[in-house]
Every structure is written in structure tokens, then in C-alpha cells.
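Here, each number is a calculation from the coordinates, and none is a lab measurement. Note that the coordinates shown come from a computational prediction; the quantities given were computed from them, not determined experimentally. All Cβ positions, glycine included, derive from the backbone under ideal geometry; neighbour counts span all protein chains shown.
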Amino acid sequence: MILHIDMDAFYASVEELDNPLLKGKCVIVGGQSERGVVSAANYEARKFGVHSAMPVFQARKKCPEAIFLPPRMGRYKELSAKFMSILREFSPLVEPVSIDEAYVDITGCERLFGGINEIAPGIKKRIRERLNLSCSLGVAPSKFLAKIASDMDKPDGLTIIMPEKVQQFIESLPIHKVPGVGKNTHDKLELMGIRTLGDVKKYPAEILQKKFGKFGRRLMELADGIDRSVVTPVSKTKSVSAEETLLRDTDDKQALKKYILKQAEKVGRELRKLDIRARTISVKIKHSDFKQITRSVTIQDPTQSSEVIIREAFQLLENYRMPKEVRLIGVGVSNLVSETESVQVDIFERDDPENSNWEKLDEAIDTITGKFGTDVIKRASLKDEK
Ligand SMILES: [Mg+2]
């Protein structure tokens, strides 16, 4: 069984905790200027329609009496660390997904702490006792259902979806609740008559796959209750990289690109294998005098596409003015998020046809290199440069 635990209105609750005079009032934590956005609103403020990511000026209009506070990230991080360590007292398999949210796999820990009906309330109680904060907790046989469950009874909620209830739950689950279904996808699905996750099963697999690519297939799996993503403690993979010492030192950027290309392919393949995405892409260069530099770029939509990594790494190299010849070059990615999380926040555009085409290409290449080795296929961009 997997748990998803989400602190309630975290930033705002911490502010109330540190200043009890705020209790019962509308509290909004957000950017300090009128141009900023709301980071968190407590439940009193939410009653007025204020929600996170709303521009501050709009929040002020909706809830003029609210108390606006600047975020105190240091304090939130301190409590977040305590929150995560409480979770680790129950299981070593804790995957933080954001400052106030984590998955916990408690399979095998039941004997130690009693059944799920004891562990789940036990965690809530310990968080309440030690931090004096409330959280909402969802329990289910898979990550995606645990996440949906924790959201069902906020704040201070506890929702358990027992394995025998999963199919029934899926049949009636509104499709927009499924992580990754953004507005565009929702509209398309609705047009096809798909209103619940259960409806997905009534549709021919080929059509879903044609319309939505990889995500279509994921929807079909979810409809069958299959979610292959596992709880991955973040410390396990913090970065993925590949590097090589060159046969001969060079400052020829075209020659360096050939190395980058191969390395980026390797890194992309590894990300897809681990089913994680990266936000930061780096190029590392060691010069002939052994001086080392790293150039990085952070992209908006986490990626596991070789093509994107290649593009960004090429750009980093292009922008770099080389003082000396290069003896070693490498490509790396960091700032990793699990697939479930990146789908959940819908940060990358599922409906972007170009993006899904790259994903299809990556898949095809993975299949072939898996069968025949990495030398069989070369991207057009590499061939061009030969
Ligand atoms: Mg939260």
C-alpha cells in the first residue's frame, strides 16, 4: 500500500503556527509586490475564492481584509525536513515530491506498525503532535490513486482506497481528476464521450494511442488499475551524466558536438529507463590545463527526451567562449522529478504534437538500440555533421 501525504495550506499554516494571532483570519502568503502571485492561502481565504498562483492584486480584490505575508522559505524548509523525517520513521521508502508533499511505500512495514488502519492515523497523529500542523492523507495500492485519495477530504482528511474497491473507484472517477489530464486533454476526452476513467476502457486502444500517444497508453493502464511508477527515494538518483576524455584535445565545436550527441542520447535513455524527467541540463568541460567549467540551463518543462537534451546542450556549447582546447566533455542532467510528479502538475504540455512526436521517436530508438545496440541508429543531426 502506498500513502500520499500532503500538508494542509502549508505556508499559511506555518505562519499561523508561529503567530497564533493570525488564527481565524484570512492569511495569504505571497509575492511582496502587487505583481507577485499567491503562494498559499489558508482555508479562511479560500472561502473568498483565493487560491495559489493567483495574482496578488486579484487576491486583494477578492479578500480585502486578508493579511498578506512574505514567504519565509527558511522556516518552511526547516519544518519540511521534520515532516519528511517523521515519515521516514514509518518506512525507508519516502519520496518527497515537493516541500509539503510525499509518497510513502509502507509495504512490509505493516507488521511493525500494525495494519493500514493503524499506520495512516498514526502518521497523522505524529505530525500533529510534533509539528502542531495538519495534513491530508490518502492510501491506495498505487501512487496515482493515493494522490487522488489525499485530495478527497482536505483539510485534515484521511481516505483509504482498499484494493478490492479500486475497480469500482476507477469506474466513477471523473477524468479531470486523473493526473496529467489538463484542460485541453479534458476537452478532447469529453468530446469522445469519456467522462470517467472507467469510460476509457470502452474506447479502442488504437484510437486512444493515436490521439494521445504515450499518454493514451498510460490512461488505458490507469483504467485497468495499473500504475507502474514506484516510490523512489530522491537520494537514489540526483543526477544522470555521461562524460569522455577526448582522444585528442580540440577546440573544434563541431567535433565536440559529436561527443555531446552520443552522451545526450545515453543520458536520455537512462532517464526513460528510470522513468524520471530532468529540469536542468549541463555541459561540463575540462580544458587542456585541467581547469573545469560547467554551463547549465534550467528548462520549464521537465524532459526525458534525448532531442531536447541535445538541443539544450548544443546551445550551451555554442554560447561558451573557449579559452583553451578541451580534453574532456560531458553532458549531465539534474533537478530530477519522477514521471508521476511531472504528470501530476501538468508542467509539460501533453497536447503539444511536436513534443509527443519526439517522445515517439525516443521510444522507437530505445526499442531498436535495446535489440541491436547503440551503434545501429544515428540521429540525422549527427549524420549531417559527418
Ligand atoms: Mg499542501
> If you project the alpha carbons of region 156-277 onto the principal axes, what extent comes out on each, in Å, largest first?
Replying inline: 63, 35, 24
> Of LYS82/LYS266; LYS253/LYS291; LYS77/LYS238; LYS62/LYS154; LYS47/LYS238; LYS147/LYS188, which sit over 29 Å apart, Cα to Cα?
Replying inline: LYS82/LYS266; LYS47/LYS238
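Tell me whether region 63-110 comes out rounded, prolate or oblate; compute the Cα gyration tensor, take square roots of the eigenvalues as a ≥ b ≥ c, and use a/c under 1.5 as the rounded threshold.
On the way: a/c = 3.90, a/b = 2.65, b/c = 1.47.
Since a/c reaches 1.5 and a/b is larger than b/c, the shape of region 63-110 is classed as prolate.
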>> Given an 8 Å cut-off on Cα distances and at least 6 residues of separation, report the relative contact order of region 1-108 as a percent.
In response: 30 percent
> What ranking of LEU112, LEU246, LEU317, LEU271 emerges when the number of other C-beta atoms within 10 Å of each C-beta is taken as an exposure proxy, fewest first?
Replying inline: LEU112, LEU246, LEU317, LEU271
> Any idea what angle helix 116-131 forms with the longest principal axis of the chain, computed on alpha-carbon atoms, 0 to 90 degrees, nearest 10?
Replying inline: 90 degrees
>> Around VAL297, under 14 Å between beta carbons, what's the net of Lys plus Arg minus Asp minus Glu among the other residues?
In response: +1
>> Students often check this: by mean Cβ neighbours within 10 Å, which of 302-310, 214-222 ranks highest, and how do the rest follow?
In response: 302-310, 214-222
> Summing Lys, Arg as +1 and Asp, Glu as -1, what charge do residues with Cβ under 14 Å from the Cβ of ILE116 carry, ILE116 excluded?
Replying inline: -1
> By what distance, in whole Å, do the Cα atoms of the chain stretch along each of the three principal axes, largest value first?
Replying inline: 67, 50, 48
>> On the principal axes of its Cα set, how long, how wide and how thick is region 1-123? Give whole Å, largest value first.
In response: 52, 24, 24
> Which order do peptides 43-49, 11-17 fall in by mean Cβ count within 10 Å, highest first?
Replying inline: 11-17, 43-49
> Among PHE10, PHE113, what is the fewest-to-most ranking by other Cβ atoms within 10 Å?
Replying inline: PHE113, PHE10
> Going out from 0 in 10 Å bins, what whole percent of all Cα-Cα distances in region 167-223 drops into each bin?
Replying inline: 27, 65, 9
> What 222 nm value per residue comes from the helices of the chain, counting each DSSP H run with n ≥ 4 as -39,500 (n - 2.57) and dividing by all residues, nearest 500 deg cm²/dmol?
Replying inline: -12500 deg cm²/dmol
>> Test of understanding: ordering CYS26, CYS109 by Cβ neighbours within 10 Å, fewest first, what list do you get?
In response: CYS109, CYS26
> With a ≥ b ≥ c the root eigenvalues of the C-alpha gyration tensor of region 11-72, is it rounded (a/c under 1.5), prolate (a/b larger than b/c) or oblate?
Replying inline: oblate
